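Student: Structure provided below as structure tokens; questions to follow.
Computed from the coordinates by the stated procedures, all read-outs in this text should not be read as laboratory data. All figures in this text were calculated on a predicted structure; none of them were measured in a lab. Counting neighbours? That spans all protein chains shown, and the Cβs are built from the backbone with ideal geometry, glycine included.
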Amino acid sequence: MRVVILPTADDAARHVTELIAGQLRENPRSVLGLATGGTMEPVYEGLIARHRAGLSFAEVTTFNLDEYVGLGPEHPQSYSRYMRERLFAHVDIAETSCFVPSGRGVPAEAARAFEAEIARRGPVDLQLLGLGENGHIGFNEPGSSLGSRTREKLLSHDTVEANRRFFGLGETVPETAVTMGIATICEARSIVVLATGARKAAAVRAMVEGPVTAMCPASILQMHPRVRVVIDAEAAADLALRDHYLRAEQIQSARDAKT
Ligand code: F6R
């Protein structure tokens, strides 16, 4: 794992935007794995700005991590709508190249169709991940099988409660989601995790320095050969080897600048 610690959340988001833009410059036909959530919003704003400055998404394919079961693409809280409003509608990507698991219909069928599409168009070149406070990636909550494929998952009680604020009074908050599986996520060629803020510090520590365990699904990323963890100072606060990562990154970025 390459751990990149930057002073602020803005710095961390800018770094991730640059990694994605670099991936698209290197391969304009890249397959990207995308995440939703508050942490990603500045990344998508950054990508839209890059697009206005000339970065093209015309040949890019995207796969989103997850969707709430029961929400259609027009629902204000659906991840399909999140992606359309925060990225897809503002760049030159083809609608037919954007895949979000379907929240409508039979979840097992939606999951099968999604996996089949990844098999057809993948592998994912760069998978973007956010991190849940409980260590989840996608909606693979603690206890999820580390060998899982895309499927319907029950959201943890804490996740349902955290999501409640986004839904109207009396509106039912979805209890399940179709999520890319942990094994599916790990098939990406490279993975970038973005986590910012003090609320993520414990999960960051468990992901980077804890044992590999289904109790912290993100810890499986320790087994992947190309993972970059991009965090701000607050999210890095609990890392035992924080100073070591800072030194390693100084050396590595000096080397990168020479090549
Ligand atoms: C979203 C997703 C989730 C979020 C995570 C962090 O597609 O899969 O794993 O990345 O819950 O969410 P925020 O950024 O809102 O803290």
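Student: What are the ³J(HN,Hα) values, in whole Hz, obtained from phi via the Karplus relation 6.51 cos²θ - 1.76 cosθ + 1.60 with θ = phi - 60°, for each residue of the stretch 152-167 in sequence order, with x given for Gly and Pro?
Tutor: 7, 10, 6, 6, 5, 3, 4, 5, 4, 5, 5, 7, 4, 5, 7, 9
Student: State the Cα centre-to-centre distance between the stretch 200-259 and the stretch 72-125 in whole Å.
Tutor: Computed from Cα coordinates, the inter-centre distance equals 29 Å.
Student: Quick check for me: using +1 on Lys/Arg Cβ and -1 on Asp/Glu Cβ, what's the dipole size of the chain about its Cα centre, in debye to the nearest 20?
Tutor: 600 debye
Student: Residue-wise, which Karplus ³J(HN,Hα) couplings in Hz belong to the stretch 88-98, taking 6.51 cos²θ - 1.76 cosθ + 1.60, θ = phi - 60°, and x for glycine or proline?
Tutor: Values, residue by residue: 4, 6, 10, 10, 8, 7, 7, 3, 6, 9, 10 Hz.
Student: A further question on this structure: On the first, second and third principal axes, largest extent first, how far apart are the outermost C-alpha atoms of the stretch 103-224 in Å?
Tutor: Sorted largest first, the three principal extents are 42, 39, 21 Å.
Student: Something else now. What net charge is computed for the residues neighbouring ASP125, neighbours being all others with C-beta under 10 Å from the C-beta of ASP125, Lys and Arg scored +1, Asp and Glu -1?
Tutor: Surrounding charge for ASP125 is +1.
Student: When a/c is below 1.5 the answer is rounded, else prolate if a/b is larger than b/c, else oblate, so apply that to the stretch 19-84 with a ≥ b ≥ c taken from the square roots of the Cα gyration tensor eigenvalues.
Tutor: Here the stretch 19-84 falls in the prolate category.
Student: Where nothing but the Cβ of Lys and Arg (+1) and of Asp and Glu (-1) is charged, how large is the charge dipole of the stretch 48-199 around its Cα centre, in debye to the nearest 20?
Tutor: Charge dipole of the stretch 48-199: 260 debye, to the nearest 20.
Student: Right, here's the next one. Shape of the stretch 176-232 from its Cα gyration tensor (a ≥ b ≥ c, root eigenvalues): rounded if a/c is under 1.5, otherwise prolate when a/b > b/c, or oblate? Mind dumping the intermediate values first?
Tutor: Numbers: a/c = 1.44, a/b = 1.28, b/c = 1.12.
Rounded.
Student: Arranged from highest to lowest average of other beta-carbon atoms within 10 Å per residue, in what order do the peptides 134-141, 186-193, 59-66 appear?
Tutor: Ranking the peptides 134-141, 186-193, 59-66 by packing returns 134-141, 59-66, 186-193.
Student: Using the per-residue mean of other Cβ atoms lying within 10 Å as a proxy for protection, in what order, highest first, do the peptides 240-246, 102-108 fall?
Tutor: Result, highest mean first: 102-108, 240-246.
Student: Compute the orientation-averaged projected area for the chain from the convex hull of its Cα atoms and round it to one decimal in nm². Don't jump to the answer; show the numbers that get you there.
Tutor: Values: hull surface 53.1 nm².
Quarter of the Cα hull surface area: 13.3 nm².
Student: What does the convex hull of the alpha-carbon atoms of the stretch 1-122 project to on average, in nm²?
Tutor: If you wrap the Cα atoms of the stretch 1-122 in a convex hull and average its projections, you get 8.2 nm².
Student: In addition: Toward the positive end of the charge dipole of the chain, about the Cα centre and with charges on Cβ (Lys, Arg +1; Asp, Glu -1), which of PRO28, VAL69, ALA201 goes farthest?
Tutor: PRO28
Student: Another question, then. Among ASN140, GLY122, THR8, pick out the residue whose Cα is farthest towards the positive end of the charge dipole of the chain, where Lys and Arg carry +1 and Asp and Glu carry -1 on C-beta, about the Cα centre.
Tutor: Value: GLY122.
Student: Let me ask another. Using modelled amide H (1.01 Å from N, peptide plane; none on Pro or chain starts), what sits under 5 Å from the amide H of GLN127, excluding residues fewer than 5 places away?
Tutor: Close amide H contacts, sequence-distant or interchain: GLY33, SER190, ILE191, VAL192.
Student: With labels modelled as points extended 7 Å from the Cα through the Cβ direction, what inter-label distance (nm, one decimal) is found for GLU109 paired with ASP11?
Tutor: Here the modelled spin labels are 5.0 nm apart.
Student: Further question: Does anything in the stretch 7-22 have its amide N under 14 Å from the 7 Å Cα→Cβ label point of ALA53, and if so which residues?
Tutor: Residues 14-22 fall inside that zone.
Student: Could you sort 47-54, 173-180 so that the peptide with the highest average Cβ count within 10 Å comes first and the rest follow in order? Numbers along the way, then the final one.
Tutor: Working: 47-54: 14.2, 173-180: 22.9.
Averaged packing, sorted descending, gives the order 173-180, 47-54.
Student: Restricting to DSSP H runs of at least four residues, report the calculated mean residue ellipticity at 222 nm for the chain, -39500 (n - 2.57) per run over all residues, nearest 500 deg cm²/dmol.
Tutor: One gets -10500 deg cm²/dmol as the mean residue ellipticity at 222 nm.
Student: Then there's this: Please figure out what share of the DSSP beta bridges in the stretch 153-250 is antiparallel and state it in percent, rounded to the nearest 5.
Tutor: Taking every DSSP beta bridge within the stretch 153-250, about 40 percent pair in antiparallel fashion.
Student: PHE99's amide H: which non-local residues (gap 5+, or another chain) put their own amide H closer than 5 Å, with H modeled 1.01 Å from N in plane and none for Pro or chain starts?
Tutor: Those qualifying (amide H under 5 Å, at least 5 residues apart or on another chain) are THR62, PHE63, ASN64.
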